[in-house]
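**Student:** Sharing a structure, written as structure tokens. Questions coming.
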Amino acid sequence: MDGYFAILAAVPGFFLSAFFVMLFSRVLGPMFGFDQVSYPVAMLVTIALWIAVAPLAATRSRKKR
């Protein structure tokens, strides 16, 4: 049951992370020559990053035990 509540606790962090990705793309995009991203695209980028980082974080936490 703890896993379920951990997922629920991560939901606000997901939306906030997507919001920050959108804001950073608007600030850094013109400097690096790419377009600004919309909020739905920022959510997609955030999901991709979380899927890539989650297994690494889980592996690291298991090695510490």
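**Student:** Would you tally the residues in region 30-43 being more than 12 Å from Ser17 (Cβ to Cβ) and either surrounded by 13 or more Cβ atoms within 10 Å (Cβ to Cβ) or of a type in the set (Ser, Thr, Tyr) (or both)?
**Tutor:** At the first step, the residues of region 30-43 found to be more than 12 Å from Ser17 (Cβ to Cβ) are 30-38, 40-41.
Filter again for either surrounded by 13 or more Cβ atoms within 10 Å (Cβ to Cβ) or of a type in the set (Ser, Thr, Tyr) (or both), leaving 36-38, 41.
So the count comes out to 4.
**Student:** Please state which one of Val27, Val21 is touching a residue at least 24 places away in the same chain (Cβ under 8 Å) and either of a type in the set (A, V, I, L, M) or not in a helix (DSSP H, G or I) (or both). Before the answer, list the steps.
**Tutor:** Details: Val27 fails: touching a residue at least 24 places away in the same chain (Cβ under 8 Å).
Sole residue among the options that is touching a residue at least 24 places away in the same chain (Cβ under 8 Å) and either of a type in the set (A, V, I, L, M) or not in a helix (DSSP H, G or I) (or both): Val21.
**Student:** Give all pairs with beta carbons closer than 9 Å in which a residue from region 44-65 that is of a type in the set (Val, Ile, Thr) and part of a helix (DSSP H, G or I) meets a residue that is surrounded by 11 or more Cβ atoms within 10 Å (Cβ to Cβ) and at pLDDT below 75; count only pairs at least 6 apart in sequence or on separate chains.
**Tutor:** Cβ pairs passing all conditions: none.
The values are calculated or read from the model by the stated rules, or taken from the named source; none is laboratory data. Every value quoted in this text rests on a predicted model; they were computed, and no experiment measured them. All Cβ positions, even for glycine, are placed from backbone atoms using ideal geometry, and neighbour counts span all protein chains on display.
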